[in-house]
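Participant: My questions will all concern the structure given below.
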Amino acid sequence: MTDSATPTSSDKRKKILEVALKLFTSMGFHETRLDEVAKQADIAKGTLYLYFKSKEDLFIQCLFDGSERWMERAQVIIDSQNSIKERFLRLIELQVEAFTHNGPLVQQFIQSGRVFSANSALTGNILEKMKERIGIFAGFFEAGIKSGDFCTCLSPMQMALIFHQIFDLNMKFNLFQIPALTPEKCHKLLLSLFNSEEQLTAQGGAQ
């Protein structure tokens, strides 16, 4: 095997995460065995522990890995030259897409809260990641308020938290086997909350 064909440390970590995500999603946290993760990732179980110290750590890193990829895409949308309203719709579509892909894993995390609650370090990391994500969205809403597209009755952070709840709300709908909100419906509902008075007046005049 040539050097170029030899899996790098980054390649192995990525493969482990891909396999673990598939198993956690299909089998659940408690039924997923690290032996099977190692087998499907084509590594020794001991090698897996070089990258992840426990099953709980691997599960959390699967959550982080997916979250970071979605946030990279969100930042691209926010930084684009499209209008605030167009970017807002694209962000909503991304949130709904993220729910479709990551929802089952997040549901398991919530349902397995007792397993992770004792690990304050992991809990702290999750909180920091959430604050980082909310901060990025808050920056977008702040720009929308300054441009006059969004109202001043809510702060950028309040808007970001309400927006973020789309993900949690659709997850709860799924738990109760209720159809999730479509991006278009989310867009309409949130605009009814966030639109500035000027925007609402303009819309009323156009009807």
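Participant: Which pairs do you get when a residue that is more than 20 Å from SER26 (Cβ to Cβ) and free of Cβ contacts under 8 Å to residues at least 40 places away in the same chain, found in the stretch 36-50, comes within reach of a residue that is aromatic (Phe, Trp, Tyr) and exposed (fewer than 13 other Cβ atoms within 10 Å of the Cβ), reach meaning Cβ atoms under 8 angstrom, with the pair 6+ apart or on two chains?
Facilitator: No pair meets every condition.
Participant: Please enumerate the residues belonging to the stretch 138-157 that are surrounded by fewer than 17 Cβ atoms within 10 Å (Cβ to Cβ), part of a helix (DSSP H, G or I) and either over 24 Å from the mean Cα position of the chain (by Cα) or of a type in the set (Phe, Trp, Tyr) (or both).
Facilitator: Of everything in the stretch 138-157, just one residue is surrounded by fewer than 17 Cβ atoms within 10 Å (Cβ to Cβ), part of a helix (DSSP H, G or I) and either over 24 Å from the mean Cα position of the chain (by Cα) or of a type in the set (Phe, Trp, Tyr) (or both), namely LYS146.
Participant: GLY135 fails exactly one of the following numbered conditions: (1) in a helix (DSSP H, G or I); (2) closer than 19 Å to PRO104 by Cα. What is the number of that condition?
Facilitator: Checking GLY135 against (1) in a helix (DSSP H, G or I); (2) closer than 19 Å to PRO104 by Cα, the one that fails is (2).
Participant: Suppose the filter is buried (at least 16 other Cβ atoms within 10 Å of the Cβ) and of a type in the set (Phe, Trp, Tyr); does PHE52 pass it?
Facilitator: Answer is yes for this residue.
Participant: Let me ask something else about it. Please determine whether any residue of the stretch 23-39 is among the aromatic types (Phe, Trp, Tyr), part of a helix (DSSP H, G or I) and either under 29 Å from ARG133 (Cα atoms) or modelled with pLDDT under 85 (or both).
Facilitator: Scanning the stretch 23-39, I find at least one residue that is among the aromatic types (Phe, Trp, Tyr), part of a helix (DSSP H, G or I) and either under 29 Å from ARG133 (Cα atoms) or modelled with pLDDT under 85 (or both), so the answer is yes.
Participant: Sort through LEU58, LEU17 and tell me the only one that's in a helix (DSSP H, G or I) and in contact with an Asp or Glu (Cβ under 7 Å, 6 or more places away or on another chain).
Facilitator: That would be LEU17, the only listed residue that is in a helix (DSSP H, G or I) and in contact with an Asp or Glu (Cβ under 7 Å, 6 or more places away or on another chain).
Each row is one residue, and each column tells you yes or no for (1) under 24 Å from ALA180 (Cβ atoms); (2) in contact with a Pro (Cβ under 8 Å, 6 or more places away or on another chain); (3) not assigned by TED's automatic domain parsing to the domain that holds SER147.
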{"site": "LYS12", "(1), (2), (3)": "no, no, yes"}
{"site": "ILE16", "(1), (2), (3)": "no, no, yes"}
{"site": "GLY28", "(1), (2), (3)": "yes, no, yes"}
{"site": "LEU34", "(1), (2), (3)": "no, no, yes"}
{"site": "ALA38", "(1), (2), (3)": "no, no, yes"}
{"site": "GLU72", "(1), (2), (3)": "yes, no, no"}
{"site": "SER83", "(1), (2), (3)": "no, no, no"}
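Participant: Report, by residue number, each residue of the stretch 135-167 that is more than 17 Å from GLU93 (Cα to Cα) and in contact (Cβ under 8 Å) with a residue 60 or more places away in the chain.
Facilitator: GLY139, GLY144, SER147, ASP149, PHE150
Participant: Do we have GLY103 as closer than 22 Å to GLY135 by Cβ and at pLDDT below 75 here?
Facilitator: no
The values are calculated or read from the model by the stated rules, or taken from the named source; none is laboratory data. On a predicted model such as this, the values are computed, not experimentally measured, just so you know. All Cβ positions, glycine included, derive from the backbone under ideal geometry; neighbour counts span all protein chains shown.
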